Amino acid sequence: MNAGFTPIARCWVCDGDRLAPLHDALFDLHEYATQDPPLAEYTGASIAIVRCRVCGFAQPAALPSLPRYFDRMYDQRWSDDWIRSEHEATYKDAVFADVLSGLDARLPRDRRRLLDVGAHAGRFIAAARRAGWNAEGLELNPKTGAFAAAATGAIVHQGNVHTFDVGGRYDAVALTDVLEHIPEPRAVLRRARGYLAPGGWIAVKVPNGPAQRLKERVRALVRRKYRPTLADNLVHVNHFTPSALARALDREGFSDITVVAGAPEFPERGSSARVRQLVFLPARHVPGAVHTPLALNLQAYGRRD
Ligand SMILES: [Zn+2]
């Protein structure tokens, strides 16, 4: 028997209570059978992902009651070689360059103190430092965080947004592929806002929920026996639309909010890079296209007044 689930009655973005089932997230944590048996007990369970009828945001109908479920699920003992390969991998470079240019355009040259929340192996920090930013990181995993610090020469704080408390001293805070993983995303944005000095900017990149859903459905139609996976093991808990992301930032007091199509990742091998670029360019540049399935990712900015 697993430790059960705790229902969530209201939308994390708008507090609405009309939540309709979209699809099911399945749990398969059997690889933790030895390392963490209570976690592995969730294998075979499923939970509905529900969509808010008011704001369009989607989230789980319930969360595992097991204490520290997410920390335990992410407690992977990554090898040194894997961490190094993540630091050297180029697949996210277009995303990182896009985030840095978006922040550069919004801040004067003398405001370059940047915090990367979820610094991972430090590749973004390295790119930021090359571009002239005084970049630091915040990373939950002590091993990747230590690697990021050693590889970049930057300060990488160990912890998460709920434990890290510095006061408003950064000019920019970046959350790239982070916010979709943490329950109660507005609490994360609230903490991130607290890290910013007045006039500082947040940059948030997340997958576009409806577009990713459609992509998975199309894939399932094309490939026999393919099951759409969007939230298995609750790896993704937050499924934003462009307007739900703008609303979450607005509710947390950010101003001058913009949401555009986010730059894609480019796999190091294969021919899909051209296709991704062909989809991204109109999604970014055609008015209104951010609200279509062409926008597979969302990039948002907001200012702390
Ligand atoms: Zn809502």
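Structure data summary
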item: Three-way shape call for the chain based on the alpha-carbon gyration tensor, with the a/c threshold at 1.5; result: rounded
item: Rounded percent of accessible protein surface that carbon and sulfur make up, segment 236-293, 1.4 Å probe; result: 56 percent
item: Cα centroid separation - segment 26-50 against segment 217-288, whole Å; result: 26 Å
item: Two-decimal ratio, segment 156-305, of alpha-carbon radius of gyration to 2.2 N^0.38 Å; result: 1.12
item: Cα gyration tensor shape of segment 13-131, rounded if a/c is under 1.5, else prolate or oblate by comparing a/b with b/c; result: oblate
item: Most to least accessible of W12, W82 (protein chains only, probe 1.4 Å); result: W82, W12
item: Segment S79-R276, extension gain: residue separation times 0.36 nm, minus the distance between their alpha carbons; result: 67.9 nm
item: Within the chain: Cβ-based charge dipole about Cα centre, in debye rounded to nearest 20 (Lys, Arg +1; Asp, Glu -1); result: 920 debye
item: Per-residue SASA entry for L100, accessible area with 1.4 Å probe, Å² rounded to 10; result: 20 Å²
item: Charge sum, other residues only, whose C-beta stays under 13 Å from Y42's C-beta, Lys/Arg counted +1 and Asp/Glu -1; result: -4
item: Added length on full extension, which subtracts the Cα-Cα distance from 0.36 nm per residue, D305 to R130; result: 60.2 nm
item: Carbon and sulfur %, accessible surface of segment 1-148 computed with the full protein complex present, 1.4 Å; result: 51 percent
item: Accessible area in square angstrom per residue, the chain, 1.4 angstrom probe; result: 47 Å²
item: Amide N proximity, segment 122-147 versus R169 label position 7 Å along Cα-to-Cβ, cut-off under 12 Å; result: 136
item: Surface accessible to a 1.4 Å probe, F164 within the full protein complex, Å²; result: 20 Å²
item: Accessible-area ranking of F27, F5, largest first, probe 1.4 Å; result: F5, F27
item: Surrounding net charge for L66, when Lys and Arg each add one and Asp and Glu each subtract one, Cβ distance under 15 Å; result: -2
item: GNM flexibility winner over the chain from P198, P67, P293 (Cα, springs under 10 Å); result: P67
item: List V222, V260, V237, ordered by accessible area with a 1.4 Å probe, largest first; result: V222, V260, V237
item: Listed residue (S272, Q158, Y32) projecting farthest to the positive dipole end of the chain, Cβ model; result: S272
item: V117 accessible area, 1.4 Å probe, all protein chains in place, Å² to nearest 10; result: 10 Å²
item: Antiparallel bridge percentage (DSSP; both residues within the chain; nearest 5); result: 60 percent
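The values are calculated or read from the model by the stated rules, or taken from the named source; none is laboratory data. Keep in mind the model is a prediction, meaning the values are calculated, not measured. Cβ: placed from backbone, ideal geometry, glycine included. Neighbour counts: every protein chain shown. Surface accessibility is based on the protein's heavy atoms, side chains included, excluding ligands, DNA and RNA. Shrake-Rupley method; radii C 1.70, N 1.55, O 1.52, S 1.80 Å.
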